[in-house]
Each structure stands twice: as structure tokens, then as C-alpha cells.
Ligand code: PNW
């Protein structure tokens with residue numbers, strides 16, 4: 001077997017695409033997989049817009065070889081997938097389900113055989129339900145169980161997977177899961193989100209420590225950091241609070257080993273010595289070898305104005321309950337999911353994060369939901385998606401030219417899949433999936449990305 005794929009060296013921008021276990025695998029009851037919080041959440045009425053779930057999804061648990069062929073057909077270097085914790089540890093801790101690990105073993109070998117480098121994310125939101133029943137991310141024990149899980153997976157795959165991500169978008173786990181309640185586990189308690197945030201940071205740090213002790217060298221975390229642009233001068237204060245929760249709560253412990261005063265003002269829970277124990281922040285400092293960035297849209301906080309219309313669709317889902325009230329402005333143009341399109345936000349974010357951390361940066365997700373995802377005469381002409389990707393790839397190149405150490409750009413996502421609270425109503429894929437029979441049809445954007453990969457491979 002070839003040597004484990006590791007951090008790209010940065011001589012060129014490497015390309016790839018990504019998926020997540022619950023969004024594509026299906027087979028939720030197979031080979032001893034335990035229940036996750038997304039199985040439970042999606043089964044509750046009113047949580048997922050089309051009342052769907054990930055029971056079948058893209059059936060990638062059985063069709064992974066076809067998926068790997070599709071990635072290889074793109075001619076890109078990287079495929080980022082995530083591992084379902086409840087497949088490996090059905091109860092979250094303790095008993096290991098070998099059949100779950102076997103699946104990822106097959107996938108990793110299949111990718112390497114096709115010349116694609118695998119990068120694995122350990123937590124893309126499918127927490128084992130028994131851990132949620134014991135308090136979920138509000139409990140320190142979940143962070144400790146996460147480190148055990150990381151060690152088990154690394155032991156099995158670490159000889160072939162070089163690039164490891166602990167969490168994907170912990171902001172979503174904490175704030176959408178425990179404050180806004182629009183993601184699993186669907187709780188709505190502002191203070192709880194801050195507690196969850198610390199345990200997510202701690203879980204990352206403990207897992208990185210364990211994996212490094214076992215020889216891992218390139219352990220990172222994938223964050224949905226955002227450029228925060230106050231909509232008007234009066235919104236500067238609330239914007240600082242949003243920046244604290246969206247960006248600093250993750251970067252500050254990793255870079256400085258501290259939570260700053262501005263953050264503590266909006267998240268006083270983080271000053272609780274019972275929550276943030278001696279040594280936690282020191283362990284977090286330096287615990288990431290690289291930072292993954294997922295970018296879709298800028299964030300424009302505004303001061304609340306009762307006269308303005310409510311209920312605007314924004315990825316942050318509105319203000320955080322229990323945190324200072326604010327609104328989010330969304331300008332045109334937007335994608336099919338309502339998120340504002342502004343590629344300059346990605347360039348700014350990469351340049352700014354480079355200035356802040358000097359760690360290697362990987363764009364681990366970028367993409368668009370498009371309305372023109374219909375098959376007509378065997379083709380999907382998703383020209384809007386191509387435009388979005390072209391502009392954001394350009395912004396990534398521009399950030400590199402400006403000195404940001406960006407090593408890779410991965411498109412979200414390979415396949416139309418289970419888009420969380422939006423179910424199957426919003427599609428981000430390079431490949432269309434027919435829900436009736438799982439037929440995979442590459443879209444025009446797939447051909448576009450393959451073309452970019454070819455051009456860039458030419459000397
Ligand atoms: C990210 N928000 O999710 C995830 O990493 C993917 O699994 C997902 O499919 C993709 O982006 C597109 O949504 C997000 O509401 C989901 O702010 C929701 C939000 C942000 C990211």
C-alpha cells in the first residue's frame with residue numbers, strides 16, 4: 001500500500017469533493033450500526049421539511065465503489081468522507097462493531113486503488129444516541145468518549161489515511177443543535193450551546209492528543225468560519241458577538257489557548273471553572289495542524305428592528321436564543337437555499353484566517369444549492385452552480401496570490417444527498433441522484449470540475 005496521504009505541500013492548489021456519512025450512506029440498520037441523534041431527530045414530526053431521513057439516502061453504504069469511480073472520473077486528488085461513530089461504537093463507547101470499521105476499510109482501499117487520496121472526518125454530526133441520552137455534548141464524558149473513538153478509528157485506518165479531521169462545523173453542532181434547535185438533538189437553550197462548544201473544543205483536543213501519540217501528523221478541524229459584516233454602523237456591537245461565537249470560540253483556544261473577554265461577555269458559561277477546567281485550554285492550544293474552512297455565504301448582523309420582516313432564510317437560522325438579539329441581513333443574489341452569494345467573502349476569510357493562525361488552510365466545503373438540478377435528455381445543466389464554483393475557486397486562487405497558505409479546495413458535494421433539515425428538497429451535488437432507483441447522473445458542473453482538474457494537471 002502506498003504511503004498515507006498527507007497535507008498537500010501547497011505547490012499547487014489540490015482539488016477534491018466531499019460527503020458526510022449520514023447524508024449519503026443509508027443502511028442505518030445494517031451491520032450492527034447503532035442509532036444516531038439524526039435518526040432520532042429526523043423521526044420527529046416537523047424537524048425535516050419533507051419529513052425524510054437518511055435511512056436510504058444515496059445508498060453509498062452499498063454503492064461506494066460507484067461513488068469512488070465518480071470521484072476518480074473527476075480527476076481530482078481528494079475525497080473527503082466522514083465516519084459514522086455509531087457504526088464503529090453502536091453504544092458510543094465500549095463495544096466495537098468490526099463490520100462498521102470494515103466498511104471504511106473497503107472505502108479507503110477503493111479510493112487509493114483509484115488514485116484518490118482519502119481524508120476522513122470523525123464527527124459530521126451523527127452522535128450515537130446513547131451518548132445524547134447521557135447528556136450529549138453538554139457532558140464532558142462525550143468529549144472523552146470521542147477521543148476513545150478517534151483512537152480506535154485511527155488504529156484501523158491510520159496506515160492509509162494521513163489527513164484527519166476531528167469535527168465538521170462544531171458551530172452547527174453547538175448552536176444549531178442546542179440553541180436554535182434546527183439540527184439534532186433539537187434543543188433550544190442558549191447557555192447549553194456554549195457548554196456544548198467547549199466540550200466540542202475539548203473533544204477535538206483530546207482526540208488530537210491521542211491520534212498524535214499513535215503517530216498521526218496531520219490532524220485538523222473543519223470550521224464554518226464566516227466573514228462577519230455589520231449591516232450598518234449601529235450593528236458593530238452585535239457583530240462582535242456574532243464573530244465571537246462563529247469564529248473566535250473555535251480559533252482562540254486552538255491558537256492562543258484562551259477564550260477572550262469579548263467572547264466571555266456573550267458566553268459567560270465559558271468563564272465557569274467547572275466547565276473549562278485547568279489544562280483544557282492549554283491542551284487545545286496547538287492541537288490543530290491545519291484548519292479546514294467551509295464557506296457558503298457571508299454573515300451580515302443587523303440590529304433588531306420590529307418593523308422589518310421576520311423569518312428570513314439564513315444559514316444561521318436567525319438570532320441565537322439566549323444570546324444578544326440580532327437579525328441577519330441577506331442581500332441578492334442568493335442560491336436556491338436562500339444564502340447570499342459573495343465570493344469575496346471567501347477570499348477575505350482565507351486571508352484573515354491566515355493572518356490569524358498561520359496554519360495551513362484547506363477549503364473543505366464550498367458549493368451551492370441550485371434550482372436547475374433537473375435531468376432533461378439525460379443532462380443536468382446546472383449552470384448557476386458552475387458560476388458559483390468558478391467564482392469561489394477564483395477567490396481561493398486570489399487568496400493564495402495574496403499570501404494565504406491555502407492547500408486544497410473541495411466542492412460540497414459529490415452527490416445530491418440528505419440536506420439535513422431541508423431533507424432532499426435542496427441539492428448541492430455534482431452528481432444527480434434519482435431517488436426512485438439511485439441512478440447517478442453527472443451534471444454539467446461535474447464535467448466542469450473535471451475540466452479544471454485536467455487543465456491544472458497540465459504542466
Ligand atoms: C454544511 N447553517 O452544513 C455541512 O457541513 C454539510 O453537511 C451541508 O450539507 C452543507 O454545509 C450545506 O448546507 C451546514 O444553517 C448546514 O448555517 C447548515 C448551516 C451551515 C452549514
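Values in this text are rule-based calculations from the coordinates and carry no lab data. The structure displayed is predicted, hence computed values, not measured ones. Note that each Cβ is placed from the backbone with ideal geometry, even for glycine, and that neighbours are counted across all protein chains shown.
Each 5 Å bin from 0 upward holds the following percent of the Cα-Cα pairs of region 1-133: 2, 10, 19, 22, 17, 13, 9, 5, 2, 0. Maximal additional length on extending the residue 105-residue 43 stretch stands at 19.4 nm, based on 0.36 nm per residue less the C-alpha distance. As a rough footprinting exposure proxy, the listed residues 386, 37 were ranked by other beta carbons within 10 Å of their own, and the order from fewest upward is 386, 37. Take the Cα coordinates of region 386-450, assign each an equal point scatterer, and use the Debye formula without solvent to give log10 I(q)/I(0) at q = 0.14, 0.17, 0.28 Å⁻¹. With one equal scatterer per Cα and no solvent, log10 I(q)/I(0) is -0.52, -0.69, -1.18.
Once both labels are positioned 7 Å from their Cα atoms along Cα-to-Cβ, the gap between residue 6 and residue 331 label points is 4.3 nm. Full extension of the chain between residue 352 and residue 212 yields a length gain of 47.6 nm, computed as 0.36 nm times the residue separation minus the alpha carbon distance. Here the calculated FRET efficiency for residue 31 and residue 72, from their Cβ-Cβ distance with R0 = 25 Å, stands at 0.50, rounded to the nearest 0.05. Computed extension gain for residue 372 through residue 65, at 0.36 nm per residue and net of the alpha carbon distance, reaches 107.8 nm.
Every Cα-Cα pair in region 150-279 was counted, and those over 19 Å apart are 54% of them.
Just rank 255, 201, 375, fewest to most, by other beta-carbon atoms within 10 angstrom.
Working: 255 19, 201 29, 375 13.
Starting with the residue having the fewest Cβ neighbours, the order is 375, 255, 201.
When only C-alpha pairs under 8 Å and at least 6 residues apart count, what is the relative contact order of the chain, in percent?
Relative contact order here is 18 percent.
Quick one: 341, 49, fewest Cβ neighbours within 10 Å first, how do they rank?
Starting with the residue having the fewest Cβ neighbours, the order is 49, 341.
What is the distance in Å between the Cα centroid of region 2-26 and that of region 338-368? A separation of 17 Å, based on Cα centres.
Counting every C-alpha pair in the chain, the share spaced more than 36 angstrom apart comes to 20%. With both labels modelled 7 Å from their Cα along Cα-to-Cβ, the residue 189 to residue 256 distance reads 2.9 nm. Highest-first packing order for the peptide set 206-219, 257-270 is 206-219, 257-270, based on the mean count of other beta carbon atoms within 10 Å.
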